[in-house]
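Notes follow the structure.
The values are calculated or read from the model by the stated rules, or taken from the named source; none is laboratory data. Computed from a predicted model, the values in this text were never measured in an experiment. Ideal geometry is used to build each Cβ from the backbone, glycine not excepted, and the neighbour counts take in all protein chains shown. Keep in mind that these areas ignore ligands, DNA and RNA; they rest on the heavy atoms of the full protein, side chains included. Shrake-Rupley method; radii C 1.70, N 1.55, O 1.52, S 1.80 Å.
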Amino acid sequence: MKPVRLLLLIAAVLCDSDFAFGQTWIQKTNAPSENWSSIACSADGSKLVAGNVNMYFNGDDYVFYGSLFTSTNSGASWTQATNAPPAGWIAVTSSADGNNLVALPAGGPLYASRDCGTTWAPVNTPSSLLNCIASSADGTKLVAGEWNDFPPNPSLIYTSTNSGSTWATNNAPSEYWTSIASSADGTRLVAVAATGPIYTSVDSGITWDVTSATEVNWYAVASSADGVKLIAAISGGQVYTSSDSGTDWTVVTNLPSAAWDYVASSADGTRLMAAQNYGGTIYTSSDSGLTWSQASVPSANWRSVACSADGNEMVAVSFQGLIYSSKTMPRPRMNLAPSSTNLALSWLIPSTHFLLQQSTNLISWVNLTNTPALNLTNLQNQVVLSPSNRCGFFRLSTP
């Protein structure tokens, strides 16, 4: 077994091992070929939910229909949600553990699953004009935005603190809301619109503040787990990043102007995705957007992207029925901090399974039986070490 990190607790000395970060994109050929419109994943990237949209004209209006699909093995196999209606699913969200899912259809009621997509049921829906939705890491806090084409009726933002049982409106301005993102704890929100600037909230949507990003035609936004690092994109324009919760924005100058319609972010905001619609491609960054690399995917109408909390597992879907994913070997950084009278080890939840091991001599290693607890505010695994086992060397190792 190969260690990823070594940590001497007494001196807090870190030693890196050699892990490559090559990124290879692979088509999920065993996935159903559908007109994909949305995808989301669990924090470790293993559980996926995806929706598609089809439509036909019945002589009076367009009728939307489609299906929901889930995977519990990073897309190796897929299951169709047989008890969800044939709606045009335009957006999906997932909790960190992948069990609590919410799906947004065009013009219909929200549907939710509490068992990783095995069963689906309608939930209270504040509006039939919802266009985007986001969730906290535990799935209890939801935020959704409208696209209302019937002025003078406003396009509102709604929030829920009980998994959609009840909803409240707030003082967000009326805009054509295209995308919304949430911090892991649901307190920091960011919303973009096709008709106005970018807005942020630091109190779970009770109040909203306009940011300095004054452009229009914003189409996508994503957030780090703490809500500090943000990425937003303009359809037919540029990609922007912020490292101060949206107070200041920086244009990404080394990406072309394009139909940037979909973005995603790792929990720490270092690994980013940006996808183009209308025969475009996908770019990724591993340094918070300073530099970018083009993904080895075909040109397509990419319609949604998602990534694991550590950013090492990425997935994208297209309207042409393609599902592509990439997986790189994670490199977790273990942190040491006091916890009450003990010490705690923590690391960003990885997209690959690791065992926590301990050694007194760096030669022989034993697996710790402590079960890591997922911190839903920063998406880190945490193990509290008792006084009897907190001295020595620790490492994360692949089984």
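For the range 302-331, what are the residues that are farther than 9 Å from residue 36 by Cα and of a type in the set (A, V, I, L, M)?
Residues satisfying the conditions are 305, 306, 309, 314, 315, 316, 329.
Can you tell me which of 17, 33 is modelled with pLDDT under 50, hydroxyl-bearing (Ser, Thr, Tyr) and more than 23 Å from residue 222 (Cβ to Cβ)? Can you show your working first?
Working: 33 fails: modelled with pLDDT under 50.
Going through 17, 33 in turn, the sole match is 17.
What number of residues within the range 131-187 satisfy the criterion of being part of a strand (DSSP E or B), under 16 Å from residue 224 (Cα atoms) and among the polar types (S, T, N, Q)?
Here the count works out to 3.
Yes/no per residue for (1) under 23 Å from the mean Cα position of the chain (by Cα); (2) at pLDDT below 95; (3) β-branched (Val, Ile, Thr):
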site	(1), (2), (3)
128	no, yes, no
131	yes, no, no
136	yes, no, no
140	yes, no, yes
149	no, yes, no
158	yes, no, no
161	yes, no, yes
167	yes, no, no
175	no, yes, no
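Considering 253, 281, 270, which residue is more than 15 Å from the chain's Cα centre (by Cα), over 25 Å from residue 147 (Cβ atoms) and open to solvent by 20 Å² or more (accessible area, probe 1.4 Å)?
Values: 281 fails: open to solvent by 20 Å² or more (accessible area, probe 1.4 Å); 270 fails: more than 15 Å from the chain's Cα centre (by Cα).
The unique qualifying residue is 253.
Please state which one of 226, 287, 268 is in a loop (DSSP other than H, G, I, E, B), in contact with a strand residue (DSSP E or B) (Cβ under 8 Å, 6 or more places away or on another chain) and not hydrophobic (A, V, I, L, M, F, W, C). Spell out how you get there, then give the answer.
On the way: 226 fails: in contact with a strand residue (DSSP E or B) (Cβ under 8 Å, 6 or more places away or on another chain); 287 fails: in contact with a strand residue (DSSP E or B) (Cβ under 8 Å, 6 or more places away or on another chain).
Sole residue among the options that is in a loop (DSSP other than H, G, I, E, B), in contact with a strand residue (DSSP E or B) (Cβ under 8 Å, 6 or more places away or on another chain) and not hydrophobic (A, V, I, L, M, F, W, C): 268.
Can you pull out the residues in the range 364-391 that are at pLDDT below 90, among the β-branched types (Val, Ile, Thr) and in a loop (DSSP other than H, G, I, E, B)?
Residues satisfying the conditions are 369, 371.
Might you let me know whether the range 92-105 holds any residue that is open to solvent by 20 Å² or more (accessible area, probe 1.4 Å), modelled with pLDDT of 95 or more, in contact with a Phe, Trp or Tyr (Cβ under 7 Å, 6 or more places away or on another chain) and assigned to a strand (DSSP E or B)?
Checked the range 92-105: no residue is open to solvent by 20 Å² or more (accessible area, probe 1.4 Å), modelled with pLDDT of 95 or more, in contact with a Phe, Trp or Tyr (Cβ under 7 Å, 6 or more places away or on another chain) and assigned to a strand (DSSP E or B).
Take the range 224-246 and flag every residue that is of a type in the set (A, V, I, L, M, F, W, C) and either at positive phi or open to solvent by 20 Å² or more (accessible area, probe 1.4 Å) (or both). Let's see the steps before the verdict.
Step one: filter the range 224-246 for residues of a type in the set (A, V, I, L, M, F, W, C), giving 225, 228, 230-234, 239.
Once the filter is applied, which keeps residues that are of a type in the set (A, V, I, L, M, F, W, C) and either at positive phi or open to solvent by 20 Å² or more (accessible area, probe 1.4 Å) (or both), the range 224-246 yields only 228.
Restricting attention to the range 48-67, and to residues there that are within 30 Å of residue 326 (Cα to Cα) and small (Gly, Ala, Ser), which single residue is surrounded by the fewest Cβ atoms within 10 Å (Cβ to Cβ)?
Ranking the candidates gives 67 first.
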